[in-house]
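Visitor: Following this message is one structure expressed as structure tokens.
Just so it is clear, none of the values below were taken in a lab; they were calculated from the coordinates. Values in this document were obtained by computation on a predicted structure and should not be read as measured data. Ideal geometry is used to build each Cβ from the backbone, glycine not excepted, and the neighbour counts take in all protein chains shown.
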Amino acid sequence: MRNVIPVVVQRAASRRRTVLARGLWTGAEVTVTLGLVVLLFVVHQLWWTNREARQGAARQVRALERQWDGGPGRGSGPGGRNVTPATPSSGRAGSPDAGSGPDGRSRSGGGAAGRRSARGPVWDKAYAVIRIPRIGITAPIAQGISKQNVLNKGYVGHYVQTAGPGQAGNFALAGHRNTHGEPFRYINRLRHGDTVTVETDSAVYTYVVDKGIPQTSARDSGVIAAVPRSTVEPQYGYRTPGYYLTLTTCTPEYTSRYRLAVWATLRSMRPR
């Protein structure tokens, strides 16, 4: 019996070592696989979505420019409204468009993107182009701020309850800071005096960056009010009516906890 017992113990220990080795190998394989999945997800979010959104946005900008340069109806407003472009000298607060409901939707229904009619911009469709030379951004502006149909396409979204381009009040826009084209990633780098242009089928509006709020609550509706002023940090904003442009995005980067806003005022308008 003295010669048998050690053999049994050795075999049991060997089996335990084999099971342990297999478990460690399987765990390593699972860890590597999960790591690759996470890496692919990160690549998709940080590179592929940007690539696809930027290409799509650039195509949309070119399509709008071709439409404006070759289409009929010169003198109509954004999305086809026949309007007299506002000038910054009147100093009066704007009123909602006659053809829009209180939420900014057209009362007379939708239609093809860019159709020149009295209906106004079509929901989720691009109707203007924004250019920010300081940060090298050219992007289409679409009606609404839907993630799936607007922002994730690399577009800049128009808060429909706010004024239109060049109108009295506050023309408020939103854009991604990270992924999906991230057109507003570097708006924190804008400084007083930088220019932002908004081009529609009838005019080019030039705004000049004036103020901003580096961080506020995502629920701070004051930043996009007709007279923009933070309801969370009241020292940021304006007190008198005017012709404003607001750019909003998430902050800090790669989060959506807070909002960053940049404000600009209308300097000039020229017909296309």
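Visitor: Nearest 20 debye, what's the magnitude of the dipole of the range 218-272 about its Cα centre given +1 on Lys and Arg Cβ and -1 on Asp and Glu Cβ?
Guide: Dipole magnitude for the range 218-272 comes out near 280 debye.
Visitor: Here is a further query. Taking amide H atoms as placed 1.01 Å from N in the peptide plane, list the residues 5 or more away in sequence, or in a different chain, whose amide H sits under 5 Å from that of Asp194.
Guide: Those lying under 5 Å, H to H, from Asp194 are Val209.
Visitor: Among rounded, prolate and oblate, which fits the range 148-232 when a ≥ b ≥ c are the square roots of the eigenvalues of its C-alpha gyration tensor, a/c under 1.5 means rounded, and a/b larger than b/c means prolate?
Guide: rounded
Visitor: In debye to the nearest 20, how big a dipole does the range 127-223 give about its Cα centre with +1 on each Lys and Arg Cβ and -1 on each Asp and Glu Cβ?
Guide: So the magnitude is around 320 debye.
Visitor: Determine the equivalent ellipsoid of the range 118-272 by diagonalising the alpha-carbon gyration tensor, then write out the semi-axes as square roots of 5 times the eigenvalues, largest first, rounded to whole Å.
Guide: Calculated on Cα positions only, the semi-axes equal 20, 19, 15 Å.
Visitor: Which loop-located trypsin sites (Lys or Arg not before Pro) does the range 192-271 contain, where loop means any DSSP state but H, G, I, E or B and the Cβ has at most 10 other Cβ atoms within 10 Å?
Guide: Arg219, Arg239, Arg257
Visitor: Using the Karplus curve 6.51 cos²θ - 1.76 cosθ + 1.60 with θ = phi - 60°, work out ³J(HN,Hα) for each residue of the range 167-172 in order, rounded to whole Hz, and write x for Gly and Pro.
Guide: Each residue's phi maps through the Karplus curve to give 8, 4, x, 10, 8, 9 Hz.
Visitor: Which residues does the label zone of Glu52 cover in the range 159-189, counting backbone N under 18 Å from a point 7 Å along Cα→Cβ?
Guide: Those under the cut-off are 176-183.
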